[in-house]
């Protein structure tokens with residue numbers, strides 16, 4: 001039974017003075033009191049922010065992919081390609097491509113064909129054109145064409161290894177042709 005001091009104790013002080021551990025047996029050492037563990041997180045947070053800052057400043061961000069387009073120098077002579085050896089691609093809305101071989105056929109819409117950017121579409125056409133004629137590809141975008149269509153057309157030029165191509169403005173004859181084709 002626990003011993004109490006001979007002082008007048010109130011119930012609240014009695015609880016504080018009670019021995020909760022069993023009394024030690026004779027001849028054993030008393031156990032050391034365990035203090036509450038307190039971890040100071042400040043240095044660890046400082047270290048985390050230093051590492052974060054270090055890696056953010058030393059990392060290389062993903063670089064945008066860029067396609068190089070070789071442009072002729074000003075004043076240099078370019079080899080003229082006859083219009084009969086040209087393939088003209090007219091980029092339209094909804095990733096549709098109208099194309100014709102040679103010169104603009106005018107009102108003859110039977111000479112105008114249509115394709116898409118699918119593997120059996122424009123890519124197949126460019127490979128066949130390169131094998132047969134080996135001429136120049138003229139890429140003309142309409143006002144309704146998306147930027148993605150232009151990028152896809154340039155990608156197809158790279159994939160099919162087409163060396164001679166040009167980005168050309170749409171002229172009135174091409175606009176008339178597209179108006180009668182639709």
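The values are calculated or read from the model by the stated rules, or taken from the named source; none is laboratory data. Because the structure is a prediction, the values reported are computed rather than measured. Here the Cβ is made from the backbone with ideal geometry for all residues, glycine too, and neighbour counts use every protein chain on show.
Evaluated against (1) in contact with a strand residue (DSSP E or B) (Cβ under 7 Å, 6 or more places away or on another chain); (2) buried (at least 17 other Cβ atoms within 10 Å of the Cβ); (3) farther than 22 Å from residue 66 by Cβ, residue 130 falls short on exactly one condition, (1). Contact map, the stretch 93-113: first residue touching a residue at least 12 places away in the same chain (Cβ under 8 Å) and at positive phi, second residue assigned to a strand (DSSP E or B) and surrounded by 14 or more Cβ atoms within 10 Å (Cβ to Cβ), Cβ cut-off under 7 Å, separation 6 or more or different chains; pairs are 102/86. Restricting attention to the stretch 50-71, the residues that are surrounded by 10 or more Cβ atoms within 10 Å (Cβ to Cβ) and either closer than 16 Å to residue 166 by Cβ or modelled with pLDDT under 70 (or both) add up to 1. Taken over the stretch 152-165, the criterion of being touching a residue at least 60 places away in the same chain (Cβ under 8 Å) and within 13 Å of residue 95 (Cα to Cα) is satisfied by 153 alone.
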